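Structure record follows, encoded as structure tokens.
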Amino acid sequence: MSNLEQTLSIIKPDAVERNLQDEIKKKFVENGFSIKDEKKIQISKNEAEEFYKVHQSKPFYGELCNYLSSGPIVVMILEKENAVIENRKLMGATDPSKAENGTLRKMYGISIDKNSVHGSDSLDNAKIEIEFFFKN
Ligand code: UDP
Ligand code: MG
């Protein structure tokens, strides 16, 4: 049965800074995702705080929001069967040193904070996150 989904992906500042966006986009396409929309932007600290508000109470929240707003990012709507879980699998564990071989975070991530990519963690959050970046 078909279960076509859309999810939000972000190529984070550490990867854009190293000019890895084309290589990472190629990995998504090779893994069966279509990129339905994309844009390169830089967000403000306030926008990062809004985007990551679920992590408000975490000790790393301030740094996380500084980091996501520190430089250009590429935000994308990815579409595939079971896109949410498939993207999480392709990304690998949050900490690149714990991510499996072949995952984006293993290949490109520098550290737990500079882990190169974001991906929505549920279909509900995918909808909220896509709306956040692509509401025109
Ligand atoms: N993060 C961090 N330190 C931590 C845990 C998370 O800097 O101890 C950052 C990391 O960049 C991660 C983001 O916060 O990607 C969001 O955390 P989450 O647990 O949602 O991980 P993800 O869904 O990105 O794998
Ligand atoms: Mg998350």
**Study point:** Qualifying residue in the stretch 40-55 (condition: among the β-branched types (V, I, T), away from ligand 1 (no atom under 16 Å from the Cβ), closer than 20 Å to I130 by Cα and assigned to a helix (DSSP H, G or I))
**Key:** no
Revision key, fill the gap. How many residues of the stretch 102-125 are in contact with a Gly (Cβ under 9 Å, 6 or more places away or on another chain) and away from ligand 1 (no atom under 12 Å from the Cβ)? The answer is 3
Practice item. Quick one: which residue in N19, N31 is at positive phi and either modelled with pLDDT of 95 or more or of a type outside the set (G, A, S) (or both)? Key: N19
**Study point:** Residue ID - farthest from the chain's Cα centre (by Cα), chosen from residues in the stretch 68-82 that are open to solvent by 30 Å² or more (accessible area, probe 1.4 Å) and of a type outside the set (K, R)
**Key:** E81
Practice item. Could you tell me whether the stretch 3-15 includes any residue that is out of contact with any strand residue (DSSP E or B) (no Cβ under 8 Å at 6 or more places or on another chain), at negative phi and not acidic (D, E)? Key: no
Review point. Listed residues S69, S116; which is within 16 Å of ligand 2 (Cβ to nearest atom) and not basic (K, R)?
Key: S116
Review point. Does any residue of the stretch 83-97 turn out to be open to solvent by less than 50 Å² (accessible area, probe 1.4 Å) and among the β-branched types (V, I, T)?
Key: yes
Study note, to complete from the structure: Log entry, pairs with first residue in the stretch 98-123 being on the phi > 0 side of the Ramachandran plot and open to solvent by less than 20 Å² (accessible area, probe 1.4 Å), second being assigned to a helix (DSSP H, G or I) and away from ligand 2 (no atom under 14 Å from the Cβ), beta carbons closer than 8 Å, six or more apart or on different chains, reads S116/D14; S116/A15; S116/I24; S116/P96; S116/L104; S116/Y108
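The values are calculated or read from the model by the stated rules, or taken from the named source; none is laboratory data. Predicted, not measured: the structure shown is a model, and the values here were computed from it. Backbone-built Cβ (ideal geometry, glycine too); neighbour counts: all protein chains shown. Please note that ligands, DNA and RNA were not included when accessible areas were found on the heavy atoms of the full protein model with its side chains. Shrake-Rupley method; radii C 1.70, N 1.55, O 1.52, S 1.80 Å.
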